[in-house]
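The values are calculated or read from the model by the stated rules, or taken from the named source; none is laboratory data. Everything numeric here is computed off the predicted structure, so don't read it as measured data. Cβ placement follows ideal geometry from the backbone for every residue including glycine, while neighbour counts extend to all protein chains displayed.
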Amino acid sequence: MTKVKVEVENLKKYFYSGIFRKKVIKAVDGVSFEIKEGKTLGLVGESGCGKTTVGRTILRLIEPTEGKMLFDGEDITSLNGSKLKKLGREMQIIFQNPEASLNPRMKIYDSIAEPLRIHKICNKNEEKEVIFELIETVNLNEELLFRYPHELSGGQIQRVAIARILSLNPKFIVADEPTSMLDVSVQAQILNLLKDLQKKYAISYLFISHDLEVVEWMSDEIAIMRKGKIVEWK
Ligand SMILES: Nc1ncnc2c1ncn2[C@@H]1O[C@H](COP(=O)(O)OP(=O)(O)O)[C@@H](O)[C@H]1O
Ligand SMILES: [Mg+2]
């Protein structure tokens with residue numbers, strides 16, 4: 001039996017707006033699922049149905065209104081301090097717009113080095129070797145390390161964004177529409193890279209997209225969302 005990596009139980013996230021905070025947006029309204037080790041759950045649905053909110057809540061980037069999240073069987077819903085910091089390495093996110101995760105004034109080399117330095121993954125002597133290895137793992141040419149983000153294509157930038165998080169040895173990745181800004185030909189390459197990395201490192205994915213065909217290609221199981229709820233499983 002494959003081990004369960006991530007569990008979400010009756011997750012709710014309500015946003016309140018208006019001057020008296022009386023207007024309620026039920027962005028996520030009672031969502032439950034589990035993702036096994038090395039497997040992908042696809043989350044698909046129209047824009048605004050709550051997909052991103054689910055992903056960001058699991059990663060504790062936003063606080064849930066109600067519900068529970070477990071990682072490796074441990075309740076992480078109200079984790080804090082050093083435990084949350086450790087979890088912050090094992091759980092990562094890939095965004096739709098990778099430029100947003102790279103500093104435009106930093107060379108690619110330093111962007112990849114940044115998480116290594118913050119989390120003290122390796123010492124200065126090893127750093128260069130680790131970075132060259134990471135850039136090779138995502139099939140990019142070493143020359144790109146000394147360029148700036150604006151000199152790279154969308155696909156190359158997404159590979160850099162992936163290299164950055166790989167250095168943290170993530171076990172669970174929320175991929176939030178990771179290829180929807182890319183050309184179709186480039187899309188397939190990035191999706192295949194994500195699949196290869198999953199096999200190599202036993203990564204679990206929550207793969208979010210509005211494109212059912214893409215989700216079908218990537219996922220072991222598919223949950224279809226509508227208005228904050230899962231309305232169908234495939
Ligand atoms: N920070 C926020 N404040 C208020 N409303 C939000 C916020 N984030 C998302 N929403 C609303 O929650 C709903 C779900 O959004 P989102 O999770 O981004 O959907 P999706 O990723 O499926 O497009 C939308 O109605 C959106 O406007
Ligand atoms: Mg979204």
Practice problem: Scan ALA202, ALA188, ALA175 and give me the residue that is away from ligand 2 (no atom under 16 Å from the Cβ) and in contact (Cβ under 8 Å) with a residue 40 or more places away in the chain. | Solution: ALA202
Practice problem: Report the residue count in region 52-73 for those that are under 21 Å from ARG89 (Cβ atoms), in contact with a Leu (Cβ under 9 Å, 6 or more places away or on another chain) and assigned to a strand (DSSP E or B). | Solution: 2
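Out of all the residues in region 206-222, which are of a type in the set (Phe, Trp, Tyr) and in contact (Cβ under 8 Å) with a residue 40 or more places away in the chain?
PHE207
Taking the options GLU99, GLU127, GLU114, name whichever one is without any contact (Cβ under 8 Å) to a residue 40 or more places away in the chain and part of a helix (DSSP H, G or I).
GLU127
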Exercise. Select from region 178-208 the residues that are of a type in the set (Asp, Glu) and either assigned to a strand (DSSP E or B) or at pLDDT 95 or above (or both) and list them in ascending order.
Key: ASP196
Quiz item: For the subset of region 203-223 comprising residues that are of a type in the set (A, V, I, L, M, F, W, C) and surrounded by fewer than 18 Cβ atoms within 10 Å (Cβ to Cβ), which member is farthest from ligand 1 (Cβ to nearest atom)?
Solution: TRP217
Quiz item: Is at least one residue of region 171-178 in contact with an Asp or Glu (Cβ under 6 Å, 6 or more places away or on another chain) and of a type outside the set (A, V, I, L, M, F, W, C)?
Solution: yes
Quiz item: How many of the residues in region 8-25 are within 16 Å of ligand 2 (Cβ to nearest atom) and either in contact with a Phe, Trp or Tyr (Cβ under 6 Å, 6 or more places away or on another chain) or free of Cβ contacts under 8 Å to residues at least 24 places away in the same chain (or both)?
Solution: 2
